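Written below as structure tokens is the structure these notes are about.
The values are calculated or read from the model by the stated rules, or taken from the named source; none is laboratory data. Nothing here was measured: the structure is a model prediction, and the numbers come from that model. Cβ placement follows ideal geometry from the backbone for every residue including glycine, while neighbour counts extend to all protein chains displayed.
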Amino acid sequence: MAILLSEDFTFIVQGITGREAVNLTKECLDYGSKVVGGVTPGRKGREVHGVPVFDTVEQAVENHGGPIDGSVVTVPPAFAKDAVFEAIENGIKLIVVVTERIPRRDVAQMVELADLRGARIIGPNCLGLIAPGICKMGGIGGPAKDAAKAYQPGRVGVMSRSGGMTTEISSSLTAAGLGVSTAISIGGDAIIGSTYAELMPLFEADEQTEGIVIYTEPGGRMEAELVDWRERNDSRLPIVAFMAGKFMDDEEMRGMSFGHAGTIVEGKEDSATEKIARLEAAGIPVVERIDEIPDRVKELLGVAA
Amino acid sequence: MRFYEYESRRIVERAGIPVTQYGFCTTPEEARAAAERIGGPTVIKSQVLTGGRMKAGGVRFADTPDEAAEHAAAILDLEINGHRPVGVLVDPKAEVEQEYYAAVLWDGRAKRPMMLFSDMGGIDIEQVAEEHPEHVGRGHLSNLLPISDFQAKEVVARVGLTGSELNRATAVLARLARLQRDWDMTLAEINPLARLSDGSFVALDAHMEMENEAVFRHRKALEELGVDLSDPREQYEPSEFERNVKAIDAADHRGVIQGKDHGFHGNLGLVIGAGGGSLTLTDAVRAQGGKPANYSEIGGNPSVAKAKGLAMEVLKKEGVDKIAVMMSIVSNTRVDIVARGVIKACLELGKDPAETIAIFRIPGAWEEEGYKILDRYGVEYCDRSVSMWEAAGRAVAKIQGGGASANGEAS
């Protein structure tokens, strides 16, 4: 069944005439996703791989003749907030923000407005999400044939702070015969629209999902939030975690960030060591080796290895 | 972006928060003049972007202008944690009745700014929060609604302040909250905030950090304040490797490469990517007994020249004669382009790619084409069926002359 996406899920691409957005649009169309329009101010009347381009989201909605479910926002950082506000105010409920380096205040404003309007943001600084065999929203997994190779439908939900590692982990789950229900690149920034804990209720309600894998990094309190969520909710879903960036705990690395903006360690609780201890104490195993993930999931699901 | 104390004071002052009649000086003569203008005992403080000034002798007290000049001369010459001061701040030694703490910072979990106020200022706030939680008031702010004074008042009142003390502290905290938002600060802190004998409040020290991603929209205001935007304000002096990689990256808009070697002292060169992949691989190398010579990131489909440039810089590092070229599965970056780049780097440095590249593990887009090129030069490669952990282990084993096993039993 997957979460957030479905067979007839429709979305637009904001900033569709940009180089990366053109590629992403083709990849999504090839995968079978329903990209019903694109927006780049001043480019109305063009087409990108057959997708009509509009000046405003309003025009795209009007052309579609009804509500559009989602938008992939790929505009430059200085314009990202405006683009997301435009999507939200035009009734779009799922917004994937691909853009990197958006100021934190702008992200926080988008997220607050989305909350007020009952919309959800994935990202920023992410590759989007994929429901294998159903819909791919964003650059996640790359070209359709590559995405199909790494992502086969199955029983595990994947959430990752790294876009590339979403595919790496999903590929290993696919190879192990477990498959993926929905994989979400949640974004690498300090503030993101949807955290692990905020997505858990959706996976919880999804019959297809039997277990969860999270990829995590130093920085932020998202893992502590997940632990709290588990303690407050009687979740049926086992979780396996992988923590990258343990080397950042070294004294010499203090105050530096690696990989993603969100890896900046602002307090003791943000360090890899502290997070691993917290997750383990809550019954969420943190595997040392990335390739231990499939076997660990099988063990928790009671599937023969 | 971090600010020097004297810059933070200017920002605080501009936001309407009272500060002392401080002087920023770059010579002992200027310091003497500032002390004369202040007239009375002064504090001379080193202007460096590092902590521990007091311990290092970077903060000194003077009774006379001559003494102020003398201290300034010593402090201007004093390196603290590898940082040379850009000047000194000459501050009147204030008659303080009470010290407070005021700050506004991001609460990532609430996704909102949070105000913090305490009547136990001057000391470490985390310690106060732990030992005297009733002395710390907190309150979150909306990102969309205007900031109202009452929100600051509630936070101040939570600590038990009342009377004119409450009203004066409220004004400071509300202004600090607006400053944090208007200037995109990740941290806006006044510690200590002091109440003087006449009841007035004044910021004795301020610590401001602006989000790097937001600097673009504050350029004009920063220039007006005399902030030197060409000063990189790094926590440490970038190495030659770091500077060279940065220059190669800047010369070509296609793709992104990054390289760091601060804190890395090993012999295995890492040409790795992307963000999360690099973190995972660096850990995997270290956990299996390998010693990385550097950290790097390849992403966004760089050109052959860029991939070559990164590999050459890594190979030019002292003590590095092998590189491991590894990434998580790529969907945007092309495998064949990276393969061509790293082989070219070896050839241009007169090295045999088969000997120099310990392992090539980049699965994904255009992998067949990439593997063909690697075959031609006899470079060992593997596809996605070999995990990142295993690939890292093979590289470590090679550099240790087969000393570590490839299946992950760390030596």
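B:GLY263 passes every criterion in (1) in contact (Cβ under 8 Å) with a residue 40 or more places away in the chain; (2) of a type outside the set (A, V, I, L, M); (3) within 14 Å of chain A (Cβ to nearest Cβ); (4) not in a helix (DSSP H, G or I) apart from (1). Looking only at region B:233-240, decide whether some residue is buried (at least 17 other Cβ atoms within 10 Å of the Cβ), of a type in the set (Phe, Trp, Tyr) and touching a residue at least 24 places away in the same chain (Cβ under 8 Å). Checked region B:233-240: no residue is buried (at least 17 other Cβ atoms within 10 Å of the Cβ), of a type in the set (Phe, Trp, Tyr) and touching a residue at least 24 places away in the same chain (Cβ under 8 Å). Of all the residues in region B:362-389, those that are touching a Phe, Trp or Tyr at 6+ places or on another chain (Cβ under 7 Å) and either within 13 Å of chain A (Cβ to nearest Cβ) or of a type in the set (Phe, Trp, Tyr) (or both) number 2. Total residues in region A:228-250 satisfying the condition of being part of a helix (DSSP H, G or I), of a type outside the set (Lys, Arg) and more than 12 Å from chain B (Cβ to nearest Cβ): the figure is 1. Filtered by the rule that a residue be surrounded by fewer than 18 Cβ atoms within 10 Å (Cβ to Cβ), outside any loop (DSSP other than H, G, I, E, B) and of a type in the set (A, V, I, L, M, F, W, C), region B:137-169 gives B:PHE150, B:ALA157, B:LEU166.
Of all the listed residues (A:VAL73, A:VAL96, A:VAL35), the sole one being touching a strand residue (DSSP E or B) at 6+ places or on another chain (Cβ under 9 Å), more than 23 Å from B:GLU213 (Cβ to Cβ) and away from chain B (no Cβ under 14 Å) is A:VAL35. For region A:148-170, the candidate set comprises residues that are surrounded by fewer than 24 Cβ atoms within 10 Å (Cβ to Cβ) and assigned to a helix (DSSP H, G or I); within that set, the residue that is farthest from the other protein chains (Cβ to nearest Cβ) is A:ALA148.
Applying a threshold of 8 Å to beta carbon distances and a minimum spacing of six or more residues, or different chains, the list of pairs starting in region B:346-366 at a residue that is of a type in the set (Ser, Thr, Tyr) and ending at one that is modelled with pLDDT under 95 reads B:THR356/B:ASP321. Residue-level check: of (1) under 30 Å from B:GLN235 (Cα atoms); (2) at pLDDT 95 or above, A:GLY220 misses just (2). Of the residues making up region B:35-60, those that are in contact (Cβ under 8 Å) with a residue 24 or more places away in the chain and farther than 24 Å from B:HIS83 by Cα are B:ALA35, B:GLU36, B:ILE38, B:GLY40, B:PRO41. The residue of region B:275-303 that is farthest from the other protein chains (Cβ to nearest Cβ), among those that are among the hydroxyl-bearing types (Ser, Thr, Tyr) and assigned to a strand (DSSP E or B), is B:SER296. Considering region B:117-134, the residues that are closer than 21 Å to B:MET208 by Cβ and in contact with a helix residue (DSSP H, G or I) (Cβ under 7 Å, 6 or more places away or on another chain) include one that is nearest to the other protein chains (Cβ to nearest Cβ), namely B:VAL128. Filtered by the rule that a residue be in a loop (DSSP other than H, G, I, E, B) and either over 15 Å from A:ARG221 (Cβ atoms) or free of Cβ contacts under 8 Å to residues at least 24 places away in the same chain (or both), region A:251-283 gives A:ARG254, A:GLY255, A:MET256, A:SER257, A:PHE258, A:GLY259, A:HIS260, A:GLY267, A:GLY283. Can B:LYS306 be described as in a helix (DSSP H, G or I), away from every other protein chain (no Cβ under 14 Å) and among the charged types (D, E, K, R)? Considered against the rule, which asks whether it is in a helix (DSSP H, G or I), away from every other protein chain (no Cβ under 14 Å) and among the charged types (D, E, K, R), B:LYS306 comes out as yes.
Only residues that are outside any strand (DSSP E or B) and closer than 16 Å to B:VAL43 by Cβ were counted across region B:74-104, and they come to 9.
Within region B:214-232, the residues that satisfy the criterion of being basic (Lys, Arg) and away from chain A (no Cβ under 12 Å) are B:ARG219, B:LYS220.
Of the candidates B:ALA110, B:ALA103, the single residue that is without any contact (Cβ under 8 Å) to a residue 60 or more places away in the chain and among the hydrophobic types (A, V, I, L, M, F, W, C) is B:ALA110. Any chance region B:190-204 includes a residue that's within 14 Å of chain A (Cβ to nearest Cβ) and either closer than 15 Å to B:GLU7 by Cα or small (Gly, Ala, Ser) (or both)? No, region B:190-204 contains no residue that is within 14 Å of chain A (Cβ to nearest Cβ) and either closer than 15 Å to B:GLU7 by Cα or small (Gly, Ala, Ser) (or both). Taken together, A:THR17, A:THR25 contain a single residue that is polar (S, T, N, Q), part of a loop (DSSP other than H, G, I, E, B) and under 24 Å from B:SER331 (Cα atoms), which is A:THR17.
When the criteria are applied in full, A:ARG105 fails the requirement of being in a strand (DSSP E or B), at negative phi, at pLDDT 95 or above and basic (Lys, Arg). Of the strands (runs of 3 or more DSSP E) lying entirely inside region A:48-98, those containing at least 2 residues that are more than 17 Å from the chain's Cα centre (by Cα) and crowded, with 21+ Cβ neighbours inside 10 Å span A:51-54. With respect to the conditions (1) assigned to a loop (DSSP other than H, G, I, E, B); (2) under 21 Å from B:ASN267 (Cα atoms), B:ASN332 lacks only one, and its number is (2). Inside region A:285-305, can you point out the residues that are within 14 Å of chain B (Cβ to nearest Cβ) and more than 16 Å from A:MET165 (Cα to Cα)? Selection gives A:ASP295, A:ARG296. Would you confirm, using the coordinates I've provided, whether A:ILE212 is surrounded by 24 or more Cβ atoms within 10 Å (Cβ to Cβ) and within 13 Å of another protein chain (Cβ to nearest Cβ)? Judged against the criteria, A:ILE212 is not a match.
Checked across region B:242-254, the condition of being within 14 Å of another protein chain (Cβ to nearest Cβ), within 16 Å of the chain's Cα centre (by Cα) and not in a helix (DSSP H, G or I) holds for no residue.
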